[in-house]
1. Do the conditions hold for Gly118, that is, is it within 14 Å of the ligand (Cβ to nearest atom) and assigned to a loop (DSSP other than H, G, I, E, B)?
2. Are there any pairs with C-beta distances below 7 angstrom linking a residue in segment 50-64 that is in a helix (DSSP H, G or I) to a residue that is surrounded by fewer than 20 Cβ atoms within 10 Å (Cβ to Cβ) and at pLDDT 95 or above, with the two at least 6 apart or on different chains, and if so which?
3. Looking at this structure, is Val125 within 14 Å of the ligand (Cβ to nearest atom), within 16 Å of the chain's Cα centre (by Cα) and farther than 27 Å from Phe24 by Cα?
4. Working carefully through the options Ser215, Ser228, find the one that is more than 20 Å from Glu127 (Cβ to Cβ) and surrounded by fewer than 16 Cβ atoms within 10 Å (Cβ to Cβ).
5. Within segment 85-97, identify whether any single residue is at negative phi, free of Cβ contacts under 8 Å to residues at least 40 places away in the same chain and of a type in the set (A, V, I, L, M, F, W, C), and answer yes or no.
6. Mind counting the residues in segment 82-109 that are buried (at least 24 other Cβ atoms within 10 Å of the Cβ) and either away from the ligand (no atom under 16 Å from the Cβ) or modelled with pLDDT under 95 (or both)?
7. Go through segment 151-186 residue by residue and tally those that are near the ligand (Cβ under 10 Å from one of its atoms), of a type in the set (Gly, Ala, Ser) and touching a residue at least 40 places away in the same chain (Cβ under 8 Å).
8. Any chance you could count how many residues in segment 200-244 are more than 10 Å from the ligand (Cβ to nearest atom) and either in a loop (DSSP other than H, G, I, E, B) or of a type in the set (D, E, K, R) (or both)?
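The values are calculated or read from the model by the stated rules, or taken from the named source; none is laboratory data. Predicted, not measured: the structure shown is a model, and the values here were computed from it. For neighbour counting, all protein chains shown are included, and Cβ atoms are generated from backbone atoms with ideal geometry for every residue, glycine included.
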Amino acid sequence: MKWIIANWKMHYGPIKAGAWIRAFRRERLPKDVEIGVAVPHISLAAARASLGRASAPLLGAQNAFWGKEGAFTGETAPEMLQELGTSFCLVGHSERRIHLGETDQMVGKKVAALAAVGIKPVVCVGETKAQRDKKETLKVVKAQLTAALTTSDLLVAYEPVWAVGSGKACSPEIAKQMHESIREILKKKFGARAEQIPILYGGSVDENNIHEYFSTTDIDGVLVGGASLDPRTFGLLCRAAARG
Ligand code: 13P
């Protein structure tokens, strides 16, 4: 099963989130693709209410804390997300690493805490342009991934920082190479179970290029930022993927 996950980032409070979900429910969707939407915490309840009995899209969060409860002002425990039927949660997105100082070690703790309550972590890894230029891509991604592998029940998203929000998507060929390297790292850690871990690509995916990723072996889906903000465009993107 391939995946398409929308990441709204910091867009849409409860009112707009509810409207997005209602509009998206009218879209015709491919059957053999798992579709998810990562929404801001504050909008999860409204999104859940608008979803009603619909089974798609799956609802996800964009972050979680590693503790169960306690003196952690402003944080959200995985158990709290679980109460709202949250299926998955992004962890270690490059924007959190860059703007909020999230470290590989923090990511590892979050992954373990989410897995403990049955929420699938979607671990985001990827190098900056400077790191790629210095030929450090593999080293960086390996370190990010190794620290995060506290469970095998997860998804990995390869999101090169230079491709995120830039309109300059990473070519499917380069993404494929990285996905193969990521698969090797997963195999070393988890053996045969590693084959079951979906590895997604993220960075300037849209309705025009998605089929290139979907038709590339070793790319098990995509994580979509900007092109997920309009529910009709995102519906179009989901249908375009199936053509791949
Ligand atoms: P864009 O699709 O806007 O490049 O964002 C990708 C991303 O960061 C998804 O998590």
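1. Working: within 14 Å of the ligand (Cβ to nearest atom): no; assigned to a loop (DSSP other than H, G, I, E, B): yes.
No.
2. Ser50/Gly18; Ser50/Arg22
3. Working: within 14 Å of the ligand (Cβ to nearest atom): yes; within 16 Å of the chain's Cα centre (by Cα): yes; farther than 27 Å from Phe24 by Cα: yes.
Judged against the criteria, Val125 is a match.
4. Numbers: Ser228 fails: surrounded by fewer than 16 Cβ atoms within 10 Å (Cβ to Cβ).
Answer to the selection: Ser215.
5. Here is the first cut: in segment 85-97, the residues at negative phi are 86-91, 93-97.
Subsequent filtering for residues that are free of Cβ contacts under 8 Å to residues at least 40 places away in the same chain retains 96-97.
Narrowing the set further to residues that are of a type in the set (A, V, I, L, M, F, W, C) leaves none.
Among the residues of segment 85-97, not one is at negative phi, free of Cβ contacts under 8 Å to residues at least 40 places away in the same chain and of a type in the set (A, V, I, L, M, F, W, C), which makes the answer no.
6. Number of matching residues: 1.
7. 4
8. 15
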